[in-house]
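What follows is a set of notes on a single structure, which appears directly below.
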There are 2 protein chains.
Amino acid sequence: MTLAQPSLRPPLKIRRINLDTGRENVVVISRRSTALRPEVFRGFSRVELRSNAKVLLATLILTDDGMVAPDELGLAEPVFRRFGEPAGSTVTVTPAPPPESLDAVRAKIQGHPLSDTEIKAIIQDIAHYRYSDMEIAAFLMGSASFMTSGELLALSRAMAEAGTQLKWERQIVVDKHCIGGIPGNRTSMIVVPIVAAHGLTIPKTSSRAITSPAGTADTMEVLARVDIGVEAMTEVVNACHGCLVWGGHVNLSPADDILISVERPLAIDTREQMVASIMSKKLAAGSSHLLIDLPVGPSAKLAGASEAMRLRKLFEFVGDHFGIAVEVIISDGHQPIGNGVGPVLEAHDVMAVLQNDADAPRDLREKSLRLAAHLLEYDPDLRGGTGYARARELLDSGAALKQMHKIIEAQGPSGAKTEVGNMTADVSAPHDGVIEAIDCLRLNRLARTAGAPIDKGAGIKLFKKIGDRVEQGEPLYRIHAFDDAQFALALAAAKSDAGYLIGVPTAEKSRP
Amino acid sequence: MTLAQPSLRPPLKIRRINLDTGRENVVVISRRSTALRPEVFRGFSRVELRSNAKVLLATLILTDDGMVAPDELGLAEPVFRRFGEPAGSTVTVTPAPPPESLDAVRAKIQGHPLSDTEIKAIIQDIAHYRYSDMEIAAFLMGSASFMTSGELLALSRAMAEAGTQLKWERQIVVDKHCIGGIPGNRTSMIVVPIVAAHGLTIPKTSSRAITSPAGTADTMEVLARVDIGVEAMTEVVNACHGCLVWGGHVNLSPADDILISVERPLAIDTREQMVASIMSKKLAAGSSHLLIDLPVGPSAKLAGASEAMRLRKLFEFVGDHFGIAVEVIISDGHQPIGNGVGPVLEAHDVMAVLQNDADAPRDLREKSLRLAAHLLEYDPDLRGGTGYARARELLDSGAALKQMHKIIEAQGPSGAKTEVGNMTADVSAPHDGVIEAIDCLRLNRLARTAGAPIDKGAGIKLFKKIGDRVEQGEPLYRIHAFDDAQFALALAAAKSDAGYLIGVPTAEKSRP
């Protein structure tokens, strides 16, 4: 027995409503609606839309206004797109019971581990927008309190299976992933052309920034289009052995993106959730060999070696289970890698390394070579221990640069602006000293305040790194921005923060 | 360092938007807004509104439409009301960080009990609409996984202190509460006039139905106004010793109402959460003596005696701590109490009992007398063991009826419709037998399908109770409705369900 059956209420006509409600499905109904008595519904109650075979859940808003007529149902942009029925066509709307899989979430909260079937049902419901924000939060909270190894495996698999699953007609498909948190650090954009130049397949999908000033997808977009579909991506990989595209556009593990959008505001992020998130994307991407980079440092995501070790074990466990050869390296996460922070500035660093420019950042070059060396040795024809030399050969000879140009050409132009921010200010050392520390978190925030990643040319260019000697008044870094207000904000933040952001020790301590 | 400071962005003008978003604060901004670059925001991100000393958090929706101009911020009805600034006045809007108290919620999820201070901060933030739905869900999930006795006390107190706190200039202020779930069961409306007629103070606040076909407030509203403020309520109590009003209007434990609105769709409801919810309202209502009614039955909220016992201990524990004399009685929850289900039909039962009508439901009369007897014995002047006789005396003499009329007059007329639904259908026994069981859950749902509590006169009138002998074709109950579609739905549900809803045993089993 349900509260209302579609057949007994006249259907409504779909009206498209110009409201961007992000991830959430929102529909608007007239308080004088002919199809249901809106007193039965309250604002923000959940309703089910049906049209032909299509069913979608949405959050309801009521209006007395002419925005929608009494015989219409207003669909905000995201739900209009997802529902996919034309304006004017008919739809029935009924109160929506919570998704059935929520029973399992409730049991989980009470301490019962989830079965594979339950996890699959939950993830399918989430991927199909059947969970409200608060229902997603309930699931995340349940899995944050504990996650068994069986749940971790089932979750990784269910998320991978909920979206596109790429298949490659090759034995060896390599991939790399960094858990993030380090400003700059655009190694993928150097590693991919090196590895592809060697002839190994590396179909790299990356994310856009969510809370950072740039994701690899944002930075690559300075040079080429990254929002290409599965077919185009396959063509690029067939032609170039590799690609650098945005994973969101090819719909890899879409439930993961939805989970992340609730995890971020709640700021919950357990080890298991991180591993399930990353491994679901790698499973969906069809990788056979995966190198994971875990930067460790005081302001990195991992503060110490023991934390990194526990995370490593989890990655290995999941990789082994699904037949992905996982290698985890722990890297230096004390400071940014490269000098630029923000898409255009980072792209400059990348191209400088690929072009073997004299002033190319050495740390970015070295770290990229080291990662590429690991990946190259997945080639059975390459002699053990020669990976690094081969990587350097491909980089120094210009083969990697050539490969990058080939990839850029294959992906096509993005049309993104490539200038650096025209409003600049240098932040100088308050006194003589030696750079002792750089706060990655604050630097990321500062680059975002300046406008990155929305303004691709906004961000920070570093002049000094840890260990560098500086004199009072010598520039430490430059802020780039386009927008008045953001520039002013970034400058104010930098000034109040200068000694903190880049830890120049007090003159007393540092003077010899 | 925050992402944007109000001073650096021009303020927007408030525009009132005709959208009812229920509990949730929703604001609409133009994608071409002058005050912030909306690409920085995404739909459904949280923003902070500021105007003079006022601060409020809201969920953001973007539009390209003329609904709001680039220099305006659209406030949906609920947030417009809560913010309380006139249309056209200025407001600044900035990205909102999550409320600080959410740190404690995260720690709780990780297994750390909450301190009194943390619970207080969380409840204050919730009561002031600073938590989004998903943040509330996170808190509920954390406290559903475990709640220490210290947390239970702190939560009850914090919720009571977050709203109106009534004080009565009397030593003894009695109250009763039933945890609900039993159709009909309007004992409060008989108990209050009996106890008040005796002269004890009983300022009864009740809830409206959320998932049931009627709350006591809905049923009382058939006879009198229930949405009266604190001052009017105090006057009624001073004049009549008692009242029967809606607790929502006097703002008792408002955070509890917000928590419930998230608990219901998630269908999480632990013992501790139930006790904190009820005790916060009783603390806020200023009761000194409280009688709790726990109905136990196969389709009641409590299925067995051991469950009821654990709940009883929790009520006693919290009561003792706050100096409220709590008495818990376990009652028969196998079937409805009274014959009507739905506000008007229940009000008829209540008045029939008070008027000592010959056909008044005996079960409702007996249960009410029993509860009143307990409450009356809180009067130090009443001899132990004489409570029941005194209650019966007050009822049989018409003193309770007279007191009810006095209360109704003092609260004033509500203007609610008092007719029973004019569309009726009788549901008959499919074969001879004896009524073995009545499913309270299904009966409640059927009454709601028929239109209760929105249509006060819709619902069910029962002709038979457990133990009654019925012949094939004899009416079991009558459905009342006003609305075509709801009537048809209820009838269809009743037909498909008849043998289930009221368990007439099969002819084979029941025939002698």
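The values are calculated or read from the model by the stated rules, or taken from the named source; none is laboratory data. Owing to the predicted nature of the structure, the values given are computational and were not obtained by experimental measurement. Glycine gets a Cβ as well: all are built from the backbone with ideal geometry, and neighbour counts include every protein chain shown. Protein only, heavy atoms only, side chains kept; ligands, DNA and RNA dropped before computing areas. Shrake-Rupley method; radii C 1.70, N 1.55, O 1.52, S 1.80 Å.
Between helix B:484-501 and chain B, what is the angle of the helix's C-alpha long axis to the longest principal axis, kept within 0 to 90° and rounded to the nearest 10?
The angle comes out at about 60 degrees.
Could you state the accessible area per residue of chain B in Å², with a 1.4 Å probe and every protein chain left in place? Display every interim value, and only then the final one.
Details: 19670 Å² over 512 residues.
That works out to 38 Å² per residue.
In whole Å, what is the distance between the alpha-carbon centres of the range B:201-244 and the range A:269-319?
Comparing the Cα centres of the range B:201-244 and the range A:269-319, I get a distance of 58 Å.
List the residues, sorted by chain then number, that are 5 or more residues from B:Gly242 or on another chain and whose placed amide H is less than 5 Å from its amide H.
Result for B:Gly242 returns B:Ile202.
If you plug each phi of the range B:171-179 into the Karplus form 6.51 cos²θ - 1.76 cosθ + 1.60 with θ = phi - 60°, what whole-Hz ³J(HN,Hα) values come out, in order, with x for Gly and Pro?
Values per residue, Gly and Pro as x: 6, 10, 10, 9, 8, 9, 8, 10, 6 Hz.
Taking only the Cα atoms of the range A:253-320, how large is their convex hull per residue, in Å³? Display every interim value, and only then the final one.
Working: hull volume 5.9 nm³, N = 68.
Enclosed volume per residue, from the Cα hull, is 87 Å³.
Which far-off residues, 5 or more places away or on another chain, put their amide H under 5 Å from the one on A:Gly338, with H placed in the peptide plane?
Placed amide hydrogens put A:Asn185, A:Asp363, A:Leu364 under 5 Å from A:Gly338.
How would B:Arg365, B:Arg225 rank on accessible area, largest to smallest, probe 1.4 Å?
On the way: B:Arg365 40, B:Arg225 105 Å².
Ranked list, largest accessible area first: B:Arg225, B:Arg365.
Which stretch or stretches of the range A:148-172 have amide N atoms under 11 Å from the point lying 7 Å from A:Asn238's Cα along the Cα→Cβ direction?
Only A:169 fall inside the zone, counting backbone N under 11 Å.
By how many degrees, 0 to 90 and rounded to 10, does the Cα axis of helix B:387-396 deviate from the longest principal axis of chain B?
So the inclination is approximately 80 degrees.
Need one number: the % of Cα-Cα pairs in the range A:236-381 sitting beyond the 19 Å mark. Don't skip to the end; give the middle numbers.
On the way: 6851 of 10585 pairs.
Roughly 65 percent, once rounded to a whole number.
Where a Cα-Cα gap under 28 Å defines reach, which lysines qualify for A:Lys282, not counting those fewer than 8 residues away within the same chain?
Straight-distance partners of A:Lys282: A:Lys108, A:Lys120, A:Lys167, A:Lys176, A:Lys204, A:Lys301, A:Lys313, A:Lys367, A:Lys402, A:Lys406, A:Lys456.
Suppose you put the label 7 Å out from Cα in the Cβ direction; list, shortest first and in nm with one decimal, how far A:Arg271 is from each other copy's label.
3.4
Within the range A:138-216, which trypsin sites (Lys or Arg not before Pro) sit in a loop by DSSP and count at most 11 neighbouring Cβ atoms inside 10 Å?
Numbers: sites: A:Arg157, A:Lys167, A:Arg170, A:Lys176, A:Arg186, A:Lys204, A:Arg208; in loops: A:Lys167, A:Arg170, A:Arg186, A:Arg208.
Answer by residue number: A:Lys167.
Find the relative contact order for chain B and round it to a whole percent, using C-alpha pairs within less than 8 Å whose residues are 6+ positions apart.
On the way: 1073 pairs, mean separation 70.7, N = 512.
Once normalised by length, the contact order is 14 percent.
Each residue of the range A:187-201 in turn: what ³J(HN,Hα) in whole Hz from Karplus with 6.51, -1.76, 1.60 and θ = phi - 60°, glycine and Pro shown as x?
Karplus values, whole Hz, x for Gly and Pro: 5, 3, 6, 9, 5, 4, x, 5, 5, 5, 5, 6, x, 6, 7.
Given chain B, what percent of its DSSP beta bridges are antiparallel, to the nearest 5? Write down the numbers at each step before the final one.
Details: 30 of 61 bridges.
Of all bridge pairs located within chain B, approximately 50 percent are antiparallel.
Could you give the length gained on full extension between A:Val55 and A:Asp381, defined as 0.36 nm per residue of separation minus the Cα-Cα distance, in nm? List each step's numbers first, then the result.
Details: separation 326, 0.36 × 326 = 117.36 nm, distance 5.23 nm.
Working it through step by step, the gained length comes to 112.1 nm.
Treating cross-link reach as a plain straight distance, find the lysines whose alpha-carbon is under 18 Å from the alpha-carbon of B:Lys54, omitting any fewer than eight places away in the same chain.
B:Lys13
Please list, ordered by chain and number, the residues whose modelled amide H lies under 5 Å from the amide H of B:Glu327; skip anything fewer than 5 residues away on the same chain.
HN-HN under 5 Å from B:Glu327: B:Leu290, B:Leu291, B:Ile292.
Where nothing but the Cβ of Lys and Arg (+1) and of Asp and Glu (-1) is charged, how large is the charge dipole of chain B around its Cα centre, in debye to the nearest 20? Mind showing how you got there, number by number?
On the way: 56 positive and 62 negative charges, 114 e Å.
The dipole of chain B has a size of about 540 debye.
Kirkwood hydrodynamic radius of the protein assembly as shown from all distinct Cα pairs, in Å? Don't jump to the answer; show the numbers that get you there.
On the way: mean 1/r = 0.0313 Å⁻¹.
Taking every pair of different Cα atoms in the protein assembly as shown, averaging 1/r and inverting gives 32.0 Å.
Using only the Cα atoms of the range A:105-185, construct the convex hull and provide its projected area averaged over every direction, in square nanometres to one decimal. Let's see the in-between values first.
Working: hull surface 31.4 nm².
Seen from a random direction, the Cα hull of the range A:105-185 projects 7.8 nm² on average.
List, in order, the whole-Hz ³J(HN,Hα) value for each residue of the range A:225-230 obtained from phi through the Karplus relation with A = 6.51, B = -1.76, C = 1.60 and θ = phi - 60°; use x for Gly and Pro.
Residue by residue, the range A:225-230 yields 5, 10, 9, 10, x, 4 Hz.
Counting each DSSP H run of 4 or more residues in chain A as -39500 (n - 2.57), what helix-only mean residue ellipticity at 222 nm follows after dividing by all residues, to the nearest 500 deg cm²/dmol?
Values: 18 runs with 208 residues, N = 512.
So the helix-based figure for chain A works out to -12500 deg cm²/dmol.
Below 16 Å, Cα to Cα, which aspartates and glutamates can A:Lys495 reach? Residues fewer than 8 away in the same chain don't count.
Of all the aspartates and glutamates, those that pass the test against A:Lys495 - Cα under 16 Å, at least 8 places apart if same chain - are A:Asp426, A:Asp439, A:Glu474.
Which FRET efficiency value, to the nearest 0.05, is calculated for B:Ala389 and B:Thr418 with the Förster distance at 30 angstrom and r the Cβ-Cβ distance? It would help to have the intermediate numbers written out before the result.
Working: r = 34 Å, r/R0 = 1.13.
That gives a FRET efficiency of 0.35.
On average, how much area does the Cα convex hull of the range B:363-512 cover when viewed from any direction, in nm²? Kindly include the intermediate steps, with their values, before the conclusion.
Values: hull surface 49.2 nm².
Average projection, Cα convex hull of the range B:363-512: 12.3 nm².
Rounded to the nearest 10 Å², what accessible area does B:Phe317 show when all protein chains are kept and the probe is 1.4 Å?
Per-residue accessible area (B:Phe317): approximately 80 Å².
Using heavy-atom solvent-accessible surface (probe 1.4 Å) with all chains present, what is the largest-first order of A:Glu161, A:Glu169? List each step's numbers first, then the result.
On the way: A:Glu161 70, A:Glu169 170 Å².
Descending accessible area places them as A:Glu169, A:Glu161.
Where does each of B:Lys54, A:Lys120, A:Lys417 land when they are ordered by accessible area, with a 1.4 Å probe and the largest first?
A:Lys417, A:Lys120, B:Lys54
Computing the accessible area with a 1.4 Å probe over protein heavy atoms, can you report the carbon and sulfur percentage for the range B:339-489?
Numbers: 3100 of 6530 Å².
In the range B:339-489, the share of accessible area belonging to carbon and sulfur is 47 percent.
Mind checking how much accessible area B and A bury in total, 1.4 Å probe, in Å² rounded to 100? Please list the in-between numbers first.
Details: alone 22310 and 22280 Å², together 39300 Å².
Looking at B and A, the buried total is near 5300 Å².
Please report, in cubic angstrom per residue, the volume enclosed by the convex hull of the alpha-carbon atoms of chain A. Could the numbers behind the result be given before it?
Numbers: hull volume 90.1 nm³, N = 512.
Dividing the Cα hull volume of chain A by its residues yields 176 Å³.
Any idea how far apart B:Asp396 and A:Glu307 come out in nm if each label point goes 7 Å out from Cα toward Cβ?
Using points 7 Å along Cα→Cβ, the separation is 7.6 nm.
Which listed residue (B:Thr219, B:Ser115, B:Ala127) has the Cα farthest towards the positive end of the charge dipole for the range B:113-248, taking +1 on Lys and Arg C-beta and -1 on Asp and Glu C-beta about the Cα centre?
Positive-most Cα among the choices belongs to B:Thr219.
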